[in-house]
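So the structure is just underneath, and the comments pick up after that.
The values are calculated or read from the model by the stated rules, or taken from the named source; none is laboratory data. None of these values were measured; they are calculated from a predicted model. Methodologically, a virtual Cβ is constructed for each residue, glycine included, from the backbone with ideal geometry; neighbour enumeration extends over all protein chains shown. To get the accessible areas, we keep the full protein, side chains included, count just its heavy atoms, and leave off ligands, DNA and RNA. Shrake-Rupley method; radii C 1.70, N 1.55, O 1.52, S 1.80 Å.
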Amino acid sequence: MDTTAKLPIGMESFEDIRRNGFYYVDKTALIKDLLEGWGSINLFTRPRRFGKSLNMDMLKYFFGYGCDPRLFDGLAISAEPQLCEEHMGKYPVIAVTLKDVSGTDYKTALGMLRSIIGREAMRFQFLLDSDVLTAREKASYEKLVTIDPSDRQWFSMPQEVLVSSLLTLCELLHKHYGQKAILLIDEYDVPLDKAQHFGYHEEMVSLIRNLFSQALQSNHSLAFAVLTGCLRVSKESIFTGLNNMNVFSITDAQSDERFGFTDREVRDITRYFGCTDRFDLIKEWYDGYRFGNADVYCPWDVINYIYLLRSEPDALPKPFWINTSGNEIIRDFVQMAKAGTRKELERLIDGEAIPKKIDQELTYRDLYTSIDNLWSILFTTGYLTQRGSEDGETYDLAIPNLEIRKIFIDQILEWFQREARRDTQMLDAFCAAFANGDAGAVESYFNAYLSRTISIRDTSVRKNKKENFYHGLLLGLLSHQEDWYIRSNAESGVGYSDILVEIEEKGIGIVIEVKYPDSNRRSSCGVLEKGCEEALQQIEKKGYGEKLRQDGLETILRYGIACNGKKCKVMIKS
């Protein structure tokens, strides 16, 4: 595997990547898009971990005074000499990221915002020695960078100074250089998300609205601004009066390939690092997003998986993107889902697309007021993608790839197990039926549980993924018995059994093998019986009960369970 270049895991510094020999997927065509489109205010909305912060840092280095042209040698923008001549290194650039404004209360979040803007203002301390700024203007700058003497990690600017801080910086830099400033605001909506989560939404909306209004509306010292975020928050919320804003959402074709990796870019990176044999697997797990007219991969996943392959060449894909967030939105969605929505979840997990009207201008306050709003948020935040639209409002939504499918299933299993645990009497009877060798009762109870959750149907989803789903359901139900020793995919005999249970006080061991028969004839009892027989034969052939015998259990109960949709069949051999 080629190790000439390093993989930029978690790196958001364009300069560090370019100077220190890291692999860079060229997104500098975004510069040309902005210059040729020339909008006063440009908002790009993309899911998290799709390269927003790195792109913003790239813009900062291209436009900012002191730009080193060598950073852009060989990149797409270097093929545009006139644009480079006119704009490279020709602007004062103010760049802030709001992704760390995550306080659990308004006071803490306010301090974080002061600190972020104060630190950015510290980059321009030369303003205090400027020959063109007045004493009063220098004093206004000093208010931005004054440290709180009682807590030196915070800046002490009053709130009225904070809301005008970005405007003040633009005006001072404009006067000092005689050139209007560029303003870059990364992850602009994170403070609103956190405020909604922790209960100070109205205060934060008012603060951000006032900050943006002064910085972006009628700011005569602004050349242009670029903002990024996950959501296109409604104008009524924080963008009141900003009629000159260009919004490039995940449904817009312009700049659709500038965030995320394209198929060609992923082929190039796998070829460079010598793992082209894993391309199809990467595509299955991390591709599937549709931005505008472009099909894109999640770059965070691709880079992390290739990094893993360099040390473990046989490693299977992992859900890297999922693991960077708590994924509360999926949990909330599953909990709010009624019977009709759960049917739609079944279709999504089975690889189908469902039509939904999408509202891309919501407030964070309104996200959870209805299940319809949650569909829109699942779409804009990357948990669902679109497979087409006839009217530009209603989109055919689908789960993009195996990684996202996994989180839907995991959250559904978690919800189902939580709901099932409420009925302890039924759970006790279900587990007792297993211990008593009552296959008929096990079948009856499990069918009842299946009727209450979603099913994995016989569609494009791989057979082992279907079996894993029912395996997970069973495992969660049986774990109700705290005195039972339960192992999943345990080594026994000459293979790995699905579930092994030891009931030590009764001297009973249970082996469970789950099958999903290959058939669309969901109601066919014969097909399910055949699946049970296959499961029992596998238990016998591979000696799955051997581990239980070694542990001293006298009675071994072998269960073959076949599932298809919301139907199951259970057979036993003792």
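Take the conditions under 25 Å from residue 35 (Cα atoms), touching a Cys at 6+ places or on another chain (Cβ under 8 Å), open to solvent by 10 Å² or more (accessible area, probe 1.4 Å) and of a type in the set (Gly, Ala, Ser) and apply them to residue 221. Does it pass? It is true that residue 221 is under 25 Å from residue 35 (Cα atoms), touching a Cys at 6+ places or on another chain (Cβ under 8 Å), open to solvent by 10 Å² or more (accessible area, probe 1.4 Å) and of a type in the set (Gly, Ala, Ser). When 376, 311 are checked against the criterion of being crowded, with 17+ Cβ neighbours inside 10 Å, of a type in the set (S, T, N, Q) and either at pLDDT below 95 or within 25 Å of residue 255 (Cβ to Cβ) (or both), 376 stands alone in meeting it.
Residues of region 48-63 that are in contact (Cβ under 8 Å) with a residue 40 or more places away in the chain and closer than 15 Å to residue 226 by Cβ: 51, 52, 53, 54, 55, 56, 57, 58, 59, 60, 61, 63. Here is the figure for region 355-383: residues that are in contact with a strand residue (DSSP E or B) (Cβ under 6 Å, 6 or more places away or on another chain) and among the aliphatic types (A, V, I, L, M) total 1. The test for being assigned to a helix (DSSP H, G or I) and open to solvent by 50 Å² or more (accessible area, probe 1.4 Å) holds for residue 107. State yes or no: is residue 316 assigned to a loop (DSSP other than H, G, I, E, B) and at pLDDT 85 or above? So residue 316 passes the test. Annotation note: of 250, 208, the sole residue that is among the β-branched types (Val, Ile, Thr), open to solvent by less than 10 Å² (accessible area, probe 1.4 Å) and in contact with a strand residue (DSSP E or B) (Cβ under 9 Å, 6 or more places away or on another chain) is 250. If the condition is being surrounded by fewer than 22 Cβ atoms within 10 Å (Cβ to Cβ) and at pLDDT 80 or above, then region 233-247 contributes 245, 246, 247.
Out of (1) open to solvent by less than 50 Å² (accessible area, probe 1.4 Å); (2) more than 25 Å from residue 196 (Cβ to Cβ); (3) among the charged types (D, E, K, R), what's the single condition that is false for residue 356? (2) is the only condition that residue 356 fails.
You will find that of 39, 89, the residue that is modelled with pLDDT of 95 or more, part of a loop (DSSP other than H, G, I, E, B) and over 26 Å from the mean Cα position of the chain (by Cα) is 89 and no other.
Just one of the listed residues (258, 271, 267, 278) is within 30 Å of residue 170 (Cα to Cα), at pLDDT 95 or above, open to solvent by 20 Å² or more (accessible area, probe 1.4 Å) and of a type outside the set (Gly, Ala, Ser), namely 258.
Listed residues 553, 500; which is over 20 Å from residue 471 (Cβ atoms) and not in a helix (DSSP H, G or I)?
On the way: 500 fails: over 20 Å from residue 471 (Cβ atoms).
None of the others qualify; the one that does is 553.
Among the residues of region 5-47, the ones that are among the polar types (S, T, N, Q), in contact (Cβ under 8 Å) with a residue 40 or more places away in the chain and open to solvent by 40 Å² or more (accessible area, probe 1.4 Å) come to 1 in all. When the residues of region 384-400 are narrowed to those that are open to solvent by less than 10 Å² (accessible area, probe 1.4 Å) and closer than 17 Å to residue 298 by Cα, which ends up nearest to the chain's Cα centre (by Cα)? Taking the candidates together, the pick is 384. On the given criteria, is residue 117 closer than 29 Å to residue 158 by Cβ, touching a Ser or Thr at 6+ places or on another chain (Cβ under 6 Å), surrounded by 17 or more Cβ atoms within 10 Å (Cβ to Cβ) and at pLDDT 95 or above? It is true that residue 117 is closer than 29 Å to residue 158 by Cβ, touching a Ser or Thr at 6+ places or on another chain (Cβ under 6 Å), surrounded by 17 or more Cβ atoms within 10 Å (Cβ to Cβ) and at pLDDT 95 or above.
Which one is surrounded by the most Cβ atoms within 10 Å (Cβ to Cβ), of the residues in region 146-169 that are among the acidic types (Asp, Glu) and modelled with pLDDT of 75 or more? Full working, then the answer.
Just the residues of region 146-169 that are among the acidic types (Asp, Glu), to begin with: 148, 151, 160.
With modelled with pLDDT of 75 or more added as a condition, the list becomes 148, 160.
Details: 148: 15, 160: 10.
The extreme case among them is 148.
Looking at the structure I just gave you, is residue 543 at positive phi and surrounded by 15 or more Cβ atoms within 10 Å (Cβ to Cβ)?
Details: at positive phi: yes; surrounded by 15 or more Cβ atoms within 10 Å (Cβ to Cβ): yes.
Judged against the criteria, residue 543 is a match.
Against the test of being modelled with pLDDT under 95 and more than 20 Å from residue 308 (Cα to Cα), the options 69, 47 yield a single qualifying residue, 47.
In region 321-335, the residue that is modelled with the highest pLDDT out of those that are more than 25 Å from residue 208 (Cα to Cα) and open to solvent by 60 Å² or more (accessible area, probe 1.4 Å) is 335. Of all residues assigned to region 123-139, none qualifies as being among the acidic types (Asp, Glu), under 22 Å from residue 188 (Cβ atoms) and open to solvent by 40 Å² or more (accessible area, probe 1.4 Å). Taking region 122-191 as the region of interest, the helices (runs of 4 or more DSSP H) fully inside it that hold 3 or more residues being touching a residue at least 40 places away in the same chain (Cβ under 8 Å) are 159-163, 165-177. Which one of these does residue 405 not meet: (1) surrounded by 15 or more Cβ atoms within 10 Å (Cβ to Cβ); (2) more than 20 Å from the chain's Cα centre (by Cα); (3) among the charged types (D, E, K, R)? Result: residue 405 passes all but (2).
Restricting attention to region 71-90, the residues that are over 13 Å from residue 32 (Cα atoms) and out of contact with any helix residue (DSSP H, G or I) (no Cβ under 8 Å at 6 or more places or on another chain) add up to 2. Applying the condition of being surrounded by fewer than 21 Cβ atoms within 10 Å (Cβ to Cβ) and assigned to a helix (DSSP H, G or I) to region 450-466 and asking which residue is modelled with the highest pLDDT yields 450.
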